[in-house]
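Participant: The structure follows.
The values are calculated or read from the model by the stated rules, or taken from the named source; none is laboratory data. Remember, predicted model here, so these are calculated numbers, not experimental data. When we count neighbours, we look across all protein chains shown, and the Cβ atoms used for this are built from the backbone with ideal geometry, even at glycine. Protein only, heavy atoms only, side chains kept; ligands, DNA and RNA dropped before computing areas. Shrake-Rupley method; radii C 1.70, N 1.55, O 1.52, S 1.80 Å.
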Amino acid sequence: MCTIIIALLYATNNLQIWYLYALIAVSACFGHVQHLAYSASVSLLVPKQHYTRASSMISLVSPASAIVSPALAGILYPAIGLFGIILIDIITFAIAATIILILSVPQPPQIETNNNHDETIWQQLAFGFRYILSRPSLLAMAITFSCFWFAHQICDTLFQPMILARTDGNTEVLSVVMTAAGVGGVIGGSFLSIWGGFKRQVNGMLLGFIGTGLSKIVLGIGQIPLIWTGASLFSSINVPLLFSSSNAIWYAKVEPSVQGRVFAADHTIGMIIGTIASLISGPIADTIFEPAMQPGGWLALIFSPIFGSRTGSGIALFYVATSLIIVLVGISGYAFPKLRNVEDILPDSDSTSV
């Protein structure tokens, strides 16, 4: 409906920027509901031994679209205009919705939960958080992934400004590096969908953290496009591994009938952490690291031989420091038995009761 409203506003010459803000906000809310339902359906459609493969195939969508969509937009926009592109969006939605309507998605068996009919809506909404808190191994998973996500989102926010600052605003270099990231995601997802991942999924998650962090360290230290492109490629190759392995554990250990609520709680934590990370990364880079890495700055005295002392050096140092945190999160995860042995401690959902 949001897309149709945009099309109507555009067709009648009434489309304004603030309409887009409002409609995208509404669309994002429903998109989150859709994503949770989509995630919860995976364990109902796929056997346990293929959770990682299925999750990796799903993870192919984002990097593949990042490669194909901009190219198609550049070709189609001059030919059919914005209204034509919106029409394509509506048609593809109709095709997807039709497939879902004719697809048989098994419904999870209803099980008794700790909720009762006397609880308020807020208490019921808190069920997912209570579920995670009552299972120390799932809580360890949530905390560890949150630490990774906080550092990852700082890096993700700084990535484009860092490349632009170190190339004097060269958008062509940035586009090549970003394309490499998309290609890496496709390669990683494709390989994982064939391989199937580690027998112990927690190894895939933690080693994925380490691989992502090490690649980002190289990206931050590098000062030429070739290094940035290669490091971006290898960093993205690890992303499907860590996400798919983590998802496979949640699919296997959380009952299908409550996955929507539990996943919603976990995703809410991730969104709050990601928002905070994005908000603070820019001010910290601009007010602390960039001035300190200029000639004569207190950090430049130590790190300028590695990062230089020109524009973007401070962002690069902050980027590498945050990437090191990602590596440490992956390594330290093996030190906590409740996380390291999560697949042994928690029984599979088909043999658990809430």
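Participant: Computed over the Cα atoms of the chain, what is the ratio Rg over Rh, Rh following Kirkwood?
Facilitator: My calculation puts Rg/Rh at 0.99.
Participant: Please state the charge dipole magnitude for segment 240-354, taken about the Cα centre, from unit charges on C-beta atoms (+1 on K and R, -1 on D and E), reported in debye and rounded to the nearest 20.
Facilitator: Dipole size: approximately 280 debye.
Participant: About its Cα centre, how strong a charge dipole does segment 118-219 have in debye, to the nearest 20, once Lys and Arg get +1 and Asp and Glu get -1 at the Cβ?
Facilitator: It works out to roughly 420 debye.
Participant: I've got another one for you. Rounded to the nearest 0.05, what FRET efficiency do Ile85 and Asp344 have when you use their Cβ-Cβ distance and R0 = 45 Å?
Facilitator: Computed FRET efficiency for Ile85 and Asp344: 0.35.
Participant: Related question: Over the Cα atoms of segment 171-313, what Rg and Dmax result, in angstrom?
Facilitator: Spelled out, the Cα radius of gyration and Dmax of segment 171-313 are 18.7, 60 Å.
Participant: Hey, another quick one. What number comes out for accessible area per residue over the chain if the probe is 1.4 Å? Units Å², please.
Facilitator: Using a 1.4 Å probe on heavy atoms only, each residue of the chain averages 53 Å².
Participant: Quick one: dipole size for the chain, taken about the Cα centre, charges +1 on Lys/Arg Cβ and -1 on Asp/Glu Cβ, in debye to the nearest 20.
Facilitator: It comes to approximately 560 debye.
Participant: Say R0 is 45 Å: what FRET efficiency, to the nearest 0.05, do Ile67 and Tyr334 get from their beta-carbon distance?
Facilitator: 0.85
Participant: Once you place label points 7 Å from the Cα toward the Cβ at Leu20 and Thr171, how far apart are they in nm?
Facilitator: Distance between label points: 1.4 nm.
Participant: Could you work out what % of the accessible surface of the chain is carbon and sulfur, using a 1.4 angstrom probe and leaving DNA, RNA and ligands out of the count?
Facilitator: 71
Participant: On to the next question. Checking the a/c ratio against 1.5 first, then a/b against b/c, what shape does the Cα gyration tensor give for segment 1-143?
Facilitator: Prolate.
Participant: Tell me which of Cys147, Asn13, Ser257 sits at the most positive position along the dipole axis of the chain, charges placed on C-beta atoms (Lys, Arg +1; Asp, Glu -1).
Facilitator: Cys147
Participant: Would you calculate a helix-derived [θ] at 222 nm for the chain, using -39,500 (n - 2.57) for each DSSP H run of n ≥ 4 and dividing by the full residue count, to the nearest 500?
Facilitator: Calculated mean residue ellipticity at 222 nm is -26000 deg cm²/dmol.
Participant: To the nearest 0.05, how large is the calculated FRET efficiency for Ile143 and Thr275 if R₀ is 22 Å and r is the Cβ-Cβ distance?
Facilitator: So, using R0 = 22 Å, E works out to roughly 0.80.
Participant: Between segment 243-265 and segment 198-237, how many Å separate their Cα centres?
Facilitator: Taking the Cα centre of segment 198-237 as reference, the centre of segment 243-265 is 25 Å away.
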